[in-house]
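The values are calculated or read from the model by the stated rules, or taken from the named source; none is laboratory data. Since this is a predicted model, take the numbers as computed values, not measurements. Don't worry about glycine lacking a Cβ; one is built from the backbone with ideal geometry, like all the others, and counts go over all protein chains shown.
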Amino acid sequence: MLSAEFDYHLPPELIAQAPAARRDESRLLVVDRRTRTLQHRRFRDLPEYVVSGDVLIRNTARVLPARLFARRPTGGQVECLLLRPSGAADDTWWCLLRPGRKLPAGATFGRPGEFAAEVLDKSAAAEFLVRFTPARTGESVTHLAERLGSIPLPPYIVRDAAALAGATDADAAHDRERYQTVFARPERTVAVAAPTAGLHFTPELLAAIAARGATFADVVLHVGLGTFRPIETERVADHPIHREMIEIPPAARAALDGPCAGRRVAVGTTSVRTSEYYARHPERGAAPGHAFTAEADLYLYPPAEFRVVDALITNFHLPRSTLLCLVSAFLTPGSTEGVAWLREIYAEAIAERYRFLSYGDAMLIV
């Protein structure tokens, strides 16, 4: 299968630069796979499509305010994006640095009275290993980022870097709230991107869903920058899929392993990848009562089958993205017919002026 089959023209004005005024006021395109019909609704209407016994699988990862601004000793500005802890020590992280060419191993940067940082190494993937020394005794890098960092929005959402560095910009404060799901768990502050299908939920909507007899299974996938990487290979299968850490607590394992009275509804592609990766690994049965953790590298594209997910809530995705591959596979599991159908659905969404990508509208596939 060629990656060109997942290309389409996305009008730039349809890329949402800000969220809807209210989370559940975003639009919802309902796709019925059995009747091959579409309905145009609002996200607040979602409970109408939920039945007693359904289990909504949601990703509770919280986005780390991982974008730090600092200065080199010469006065030049540095933009540092925290990617993940190195694992070697609590104070060393793999990061993206700008301007990277001016920050070789041994270079330093920081913010007076807040932290100092030293570049230790650079990987072949242009990621920098950085050691941080917070000025506050005992402060972790994540706590430092919570105080000083800004939310690392996707590259297609445009903000003024100078305003973000000043930490007083109204958009930056708004993004800190709205680029998080209402069910994100504070102790899961490691993702560098939000599980965006979850951004549409409000506490009231969650209560309405629960009132219809549905339950929730909470999993964690630490969303990484690889989710934004386009497919650059000619063949879809040749794309090197990224890896992301997942965690499935015991309660969620029980919801995925046992019988389900209704449907398992994945809230977002991250929940699909987490659940389907788990279903494909026999060692998941080990250590009952414990969380399942792994570095997931599941790549779903037509004609993939789906073992546990029965319905999907998702946003509208970038051309030539692995997320687009996953959604097309879900439309017609076990075949490649979903590719052409997805192009038709997206053409309809564009004609109806739906808003695309992270802050955009949503689609429910049943």
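Picking from residues in the stretch 30-57 that are more than 22 Å from V182 (Cα to Cα) and touching an Asp or Glu at 6+ places or on another chain (Cβ under 9 Å), the one that is surrounded by the most Cβ atoms within 10 Å (Cβ to Cβ) is V30. Only one of the listed residues (L364, L324) is in contact (Cβ under 8 Å) with a residue 40 or more places away in the chain, crowded, with 21+ Cβ neighbours inside 10 Å and under 24 Å from A184 (Cβ atoms). That residue is L364. Filter the stretch 241-275 down to residues that are surrounded by fewer than 23 Cβ atoms within 10 Å (Cβ to Cβ) and under 20 Å from V327 (Cβ atoms) and give me whichever is farthest from the chain's Cα centre (by Cα). Selected residue: R263. Listed by first and then second residue, the pairs linking a residue in the stretch 336-348 that is more than 13 Å from Y301 (Cα to Cα) to a residue that is surrounded by fewer than 21 Cβ atoms within 10 Å (Cβ to Cβ) and of a type in the set (S, T, Y), with Cβ atoms under 9 Å apart and 6 or more places separating them unless they lie on different chains, are W341/T332; R343/Y8; Y346/Y8; A347/Y8. Here the condition is being among the polar types (S, T, N, Q), modelled with pLDDT of 95 or more and surrounded by fewer than 19 Cβ atoms within 10 Å (Cβ to Cβ); of T314, T293, T336, it holds for T336 alone.
Residue by residue through the stretch 176-193, note down the ones that are more than 14 Å from the chain's Cα centre (by Cα), at pLDDT below 90 and within 21 Å of L357 (Cβ to Cβ). Hit for the stretch 176-193 is R176, nothing else. Taking the criterion of being touching a helix residue (DSSP H, G or I) at 6+ places or on another chain (Cβ under 9 Å) and either farther than 29 Å from A255 by Cα or of a type outside the set (A, V, I, L, M, F, W, C) (or both), the residues of the stretch 46-69 that qualify are P47, D54, R58, N59, T60, R62, P65, A66, R67, L68, F69.
The set of residues in the stretch 97-127 that are assigned to a strand (DSSP E or B) and in contact (Cβ under 8 Å) with a residue 40 or more places away in the chain comprises G110, R111, F115, A117.
The residues of the stretch 123-155 that are within 12 Å of W94 (Cβ to Cβ), modelled with pLDDT under 95 and in contact with a strand residue (DSSP E or B) (Cβ under 7 Å, 6 or more places away or on another chain), listed by number, are E127, V141.
If you check A66, A61, which single one turns out to be within 25 Å of the chain's Cα centre (by Cα), under 23 Å from A116 (Cα atoms) and buried (at least 23 other Cβ atoms within 10 Å of the Cβ)?
Details: A61 fails: under 23 Å from A116 (Cα atoms).
That would be A66, the only listed residue that is within 25 Å of the chain's Cα centre (by Cα), under 23 Å from A116 (Cα atoms) and buried (at least 23 other Cβ atoms within 10 Å of the Cβ).
Within the stretch 246-265, residues that are over 17 Å from D54 (Cβ atoms) sit with their Cβ atoms under 7 Å from residues that are loosely packed, with under 15 Cβ neighbours inside 10 Å, at 6+ positions apart or across chains, in these pairs: I246/T293; E247/T293; P250/G289; P250/H290. Annotation: of all residues in the stretch 218-250 being in a helix (DSSP H, G or I) and at pLDDT 95 or above, the one that is nearest to T314 (Cα to Cα) is V236.
H174: assigned to a loop (DSSP other than H, G, I, E, B), surrounded by fewer than 22 Cβ atoms within 10 Å (Cβ to Cβ) and out of contact with any strand residue (DSSP E or B) (no Cβ under 7 Å at 6 or more places or on another chain), yes or no? Spelling it out, it is not the case that H174 is assigned to a loop (DSSP other than H, G, I, E, B), surrounded by fewer than 22 Cβ atoms within 10 Å (Cβ to Cβ) and out of contact with any strand residue (DSSP E or B) (no Cβ under 7 Å at 6 or more places or on another chain). Scanning the stretch 6-42 for residues being more than 26 Å from R320 (Cβ to Cβ) and among the hydroxyl-bearing types (S, T, Y) gives a total of 2.
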